[in-house]
Each structure stands twice: as C-alpha cells, then as structure tokens.
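Participant: Below you'll find the structure I mean.
The values are calculated or read from the model by the stated rules, or taken from the named source; none is laboratory data. All of these numbers come straight from a predicted model, not from anything done at the bench. Backbone-built Cβ (ideal geometry, glycine too); neighbour counts: all protein chains shown.
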Amino acid sequence: MFRHIKETEYHVRVSQPDPRFAVLLLQQFGGPNGELKAGMQYLIQSFACNDPRIRDLMQDIAAEEFSHFEMVGECIALLLGNLSSVPKDYPALSMFVEGGGPMLVDSAGIPWNASYINSNGDLWTDLRSNVAAEMRAKLVYERLLQQTDDPGVRDMIRFLLSREESHATSFSQALNWLPEGTGVMKDFRDSDFSKKYMDLSVGAGNARGPWNQGNDFVYENDPHRQYGSQPQYGPDPDPHGPRETGPGPAMDHTRNNPDWQQPQH
Ligand code: MN
Ligand code: MN
C-alpha cells in the first residue's frame, strides 16, 4: 500500500522563476532516465522478484524514486512561476497552456513512455539494468547542475545525484552478492562460440584486451573465411548439462501464503 506524507524527502527551494531551466529539468521528470522511470522500473521488477531480500531493496528504492519524482515536479512548478512572467518565446509556455504545471514529458516534449522500463524477471539482468539506470540518472543531473545558478535548485540536484550514486552502489553490491551460476549467469556454454571473439572490423587500430584475450577467449582473425558458408553451429557438447533459463525461480510462499487469514479485530 502507498501512504502519502505531506512533506518532501528534501525541501525544495527556488529563488526565482526560471522557465528555461524548468524545461531542462523535465528530462528527469518525464524522460527515459528520470524519476518516474526509476520508480516504475524497480516497483514492476519487484512483482517478478521471488527473493524477499532483493524485493525489499527494489521496493525501498522504488518508494524513494517516487519521492524524487515529487520533488522534481514541485521544483518544476516553482521554476515555472506565473504565466505573466514568462517571455512569449519560452518553450515552457506550452506547459502553462496545456498543464498549468509540469507535464509528463521530457525536455523535448516527448511523452513519458512505458518502453523506458526494463523488467525481465532475472536478478542479474534486472540489477544490471538498475545500475545502468542510476548511472544515467546521475549523469543527467551532473549536466543539469551546469545549467543553473539558483543555490536552492543546485542543492536539490546535488542531493538527488548523491542519492542516485548511493542507489547505484546498493544495486552493484546486490549483484556481487548474487550466487554465481544462477539465473542467466548459469554457464550455459553449449558450443565453442560462447568464448570466441570475432575480429570483424578490418584495418588499423585492432585492439586487444580482456574482452578478447585471456578469460578462455579464442581470437578469430578471419571469421568471414571460417564461417561464411553453411551454418555449422555443431552438436551440443554437453546435452545433459544446464538448460535454458526458465521463466522464474520457485515460488516464494512467504509472499502469497494460502493459509493467510485476515486478522480479526
Ligand atoms: Mn531518483
Ligand atoms: Mn535512484
């Protein structure tokens, strides 16, 4: 259940209206790496997560992201100020005319979209998506910080980007804590092709590094000569080995207990 508390996680202070920056800040309101995306992504992931500890992590951070969404929305409303103070050539004019306040769009006016959400029901996949989402959010805040001199707004952005950094660390630590060889990180290797690097960009500047040497990698200099005709994927070298990742782990019965009864008062 959600319960709304009539105070923000961090007090938003704006010195004077700045409709130009209000438009830029929309990027973190209705943009692909904004606060609504983050909150929705972690909450929706939690529905498919059967590990109660990771579900708790996802739901705690989702709740905080909705608090950030609220702060950014309040800040945009304050930065918009009054319609009469907005020069007629400001793009923020459309927000006044249509919404009277922040609209659920990014800074280019593109509406928020559910395809921003990555939720795949695999902890390795979802937690990695979340680390990347937090880094993108922090990056956008760092760039936004360079576009305002308002001390209150700068303070709020520094708070927000510090929180995103903290979230990135929590999701990274959760990844480090996951048991090796589970989910999609199962060593599925059913052929030589799982550790083969194809050198397909020909010319000067071929680089070598841990992405194509060591770590059991085979470096293929002329893949077009080797593989350019009949498909030759070959037989499964370990037909009785680990199989494809299924749709999810065993059901967590603490979550939907059939013996649960409504408490009597
Ligand atoms: Mn956030
Ligand atoms: Mn975050």
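Yes/no per residue for (1) surrounded by fewer than 20 Cβ atoms within 10 Å (Cβ to Cβ); (2) outside the structural domain of Ser67 (by TED's automatic domain parsing); (3) within 12 Å of ligand 2 (Cβ to nearest atom):
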position: Asp122; (1), (2), (3): no, no, no
position: Leu127; (1), (2), (3): no, no, no
position: Arg136; (1), (2), (3): yes, no, yes
position: Leu160; (1), (2), (3): no, no, yes
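Participant: Name the single residue, out of those in region 36-84 being more than 14 Å from ligand 2 (Cβ to nearest atom) and either among the basic types (Lys, Arg) or not in a helix (DSSP H, G or I) (or both), that is surrounded by the fewest Cβ atoms within 10 Å (Cβ to Cβ).
Facilitator: Per the stated criteria, the residue is Asn82.
Participant: Now for a different question. Of everything in region 169-179, what is within 12 Å of ligand 2 (Cβ to nearest atom) and farther than 12 Å from Ser129 by Cβ? Give them in sequence order.
Facilitator: Thr169, Ser170
Participant: Now, a different point. Taking Thr182 as meeting all but one of (1) within 15 Å of ligand 2 (Cβ to nearest atom); (2) outside the structural domain of Leu78 (by TED's automatic domain parsing), write down the number of the exception.
Facilitator: It is condition (1) that Thr182 fails.
Participant: Return a yes/no flag: does region 136-154 have any residue that is part of a helix (DSSP H, G or I) and at positive phi.
Facilitator: For region 136-154, residues part of a helix (DSSP H, G or I) and at positive phi: absent.
Participant: Hey, another quick one. Output yes when any residue across region 11-21 is in contact with a Gly (Cβ under 9 Å, 6 or more places away or on another chain), of a type in the set (A, V, I, L, M) and assigned by TED's automatic domain parsing to the domain that holds Asn130, and no when none is.
Facilitator: Checked against the condition, which is being in contact with a Gly (Cβ under 9 Å, 6 or more places away or on another chain), of a type in the set (A, V, I, L, M) and assigned by TED's automatic domain parsing to the domain that holds Asn130, region 11-21 yields no hits at all.
Participant: Here's something else I'd like to know. If I go through region 140-160 residue by residue, how many of them are in contact (Cβ under 8 Å) with a residue 24 or more places away in the chain and not polar (S, T, N, Q)?
Facilitator: Adding up the residues that qualify gives 11.
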